[in-house]
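The structure appears below as structure tokens.
The values are calculated or read from the model by the stated rules, or taken from the named source; none is laboratory data. Model, not experiment: these values are computed from the prediction. All Cβ positions, even for glycine, are placed from backbone atoms using ideal geometry, and neighbour counts span all protein chains on display.
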Amino acid sequence: MPITITMPALSPTMTEGTLAKWLVKVGDNIAPGQVIAEIETDKATMEVEAVDEGTVSELLIVAGTEGVAVNTPIAVLLAEGEAKGAPAPKAAAPPAATASAAPPAAAA
């Protein structure tokens, strides 16, 4: 199942920040503790570390984007062995549609 990385709150009062720079790219394998991005607030620029391991599947926010709200998805990781674009589990398929609600006529 893909892992969504969200914009972190780097202080108790932070509501948004600027995603200043990505330090990883799509396809990179990352590990917990690895610095993946730089986030700017009104007070400082801070490094953001990964908390999960996986392969970067998507970078959802472009570097330099200002006003990214806390908890906004910024990237997606895939777990080991997971393929990008793997179909999500599907609900049971609906029954096939029929052309007519009436039963077919019996041959005489």
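The table below gives the values:
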read-out: Filter pass, A102 being modelled with pLDDT under 55 and surrounded by fewer than 10 Cβ atoms within 10 Å (Cβ to Cβ); value: yes
read-out: Hits in region 71-84 (condition: under 12 Å from L19 (Cβ atoms) and in a loop (DSSP other than H, G, I, E, B)); value: T72
read-out: Of all residues in region 35-59 being under 16 Å from V76 (Cβ atoms), of a type outside the set (V, I, T) and surrounded by 13 or more Cβ atoms within 10 Å (Cβ to Cβ), the one that is farthest from the chain's Cα centre (by Cα); value: A37
